[in-house]
Amino acid sequence: MAEDRAILHSDLNAFYASVEIMLNPGLRGKAIAVCGSSADRHGIVLAKSEKAKKAGIKTGMVNWEARQKCPDLIMVPPQYEQYLKYSKLTRAIYQRYTDQVEPYGMDECWLDVTGSQAVQGHAAVMAQRIRRSVREELGLTVSIGVSFNKIFAKLGSDMKKPDAVTIITRANFKEKVWPLPAGELFYVGRATGKKLSRFGVRTIGDLACLPLEFLRSSLGKNGEMLWLFANGEDQSRVMVSDFYSPIKSVGHGTTCISDLENNEEIWKIMLYLTQDVSHRLRVHEMMAKGVQISVKDNTLTCRQFQMQLPMATQSPMEIALAAYELFTNNYGWHTFVRALTVRAIYLEPKCLPRQLVLFDDAV
């Protein structure tokens, strides 16, 4: 039998809020929220500090609602360039241990340290060193999962927060992973979670113990993949940048708990989705020349609309405004909305020369 891999998954704790506190120590110990359009009552919470979380503040909450829930909440605007800077500095620390680093958003990475153990020591020792280096050099904290596959490493990084290391092995994964809710397994979204619930599946262990053929017939290839994940058989590799195909689009979508019934609700969701789209564009150092939206209504009919932009952008607000224009010009509200996706398309590298805007639109 081949020797198990050594995979780490690192997750920077409350990343945006932590960067803001590190840059402004006067915010330490206070309830703060990083908010898109913090002056606008329709802006939303993008990230929150631990104290704000304890006060009931949630990511995606509308600003006025957050203020109502926590009157002392300090709202700060996002500083994307700073987040990108510290994301890159963190990855530089990871690369001291391995060149096999796969980013997953700005604040998460997988590391394959299998080949580094002979020189650097056991994976758990490397994880502790990384954790200390991030804290001492950058003033940030990171939670790290250590396991023999990517799926369990990611689960491990969620188990202890902040500033902690969790180890999941072949010997203990049934004890540590199987009692977790099935919805915590990677790729179990709301729709799949509902189907699994109808099968009596409440935990990852319940899923693991279902017959593979039953899951294949019920959920197709996705069912087989989830069964393998639950049983510790994920074989997916850590994809270093050399293995990435050039990205053609960047998108983010959500299926809503309850149907969206008006434009104000649509706008709130678009603001939330485009924050993630913008972050991914920045990570990949790409600009969008177009925007596409996909709208699924409550009859499960899906419609798609797209437009070109006058100037390439990474701005979440510009992408959100274009997406909202597409929706209001085309949807018509014959039925309520069940799911929404916003995608940045016609991507080009950020380094391309651009035409300067010399005059404001308004005179």
With respect to residue 293, is the statement that it is within 20 Å of residue 264 (Cβ to Cβ) and either over 24 Å from the mean Cα position of the chain (by Cα) or assigned to a helix (DSSP H, G or I) (or both) true? no
How many residues of region 1-12 are under 30 Å from residue 36 (Cβ atoms) and either of a type outside the set (S, T, N, Q) or modelled with pLDDT under 95 (or both)? The answer is 3
Taking only region 105-122 into account, find how many residues are within 16 Å of residue 155 (Cα to Cα) and more than 21 Å from the chain's Cα centre (by Cα). 0
Out of all the residues in region 61-120, which are in contact with a Cys (Cβ under 6 Å, 6 or more places away or on another chain) and at pLDDT below 90? 63, 103
Could you list all residues from region 149-168 that are surrounded by 15 or more Cβ atoms within 10 Å (Cβ to Cβ) and of a type outside the set (A, V, I, L, M)? 149, 150, 152, 154, 156, 157, 161, 162, 163, 166
So residue 278, is it among the hydroxyl-bearing types (Ser, Thr, Tyr) and in contact (Cβ under 8 Å) with a residue 60 or more places away in the chain: yes
Taking region 237-279 and keeping residues outside any helix (DSSP H, G or I) and either at pLDDT 95 or above or among the charged types (D, E, K, R) (or both) leaves 237, 248, 259, 261
The lone condition residue 146 fails out of (1) in contact with a helix residue (DSSP H, G or I) (Cβ under 6 Å, 6 or more places away or on another chain); (2) surrounded by fewer than 21 Cβ atoms within 10 Å (Cβ to Cβ) is (2)
So, first residue in contact (Cβ under 8 Å) with a residue 40 or more places away in the chain in region 212-237, second residue part of a loop (DSSP other than H, G, I, E, B) and buried (at least 17 other Cβ atoms within 10 Å of the Cβ), Cβ within less than 7 Å, six or more apart or across chains; the pairs are 226/185; 226/188; 229/185; 230/185; 232/149; 234/149
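The values are calculated or read from the model by the stated rules, or taken from the named source; none is laboratory data. It should be emphasised that the depicted structure is a prediction, and the values quoted were computed from it without experimental measurement. Positions of Cβ are generated from backbone atoms using ideal geometry, with glycine treated the same way; all protein chains shown enter the neighbour counts.
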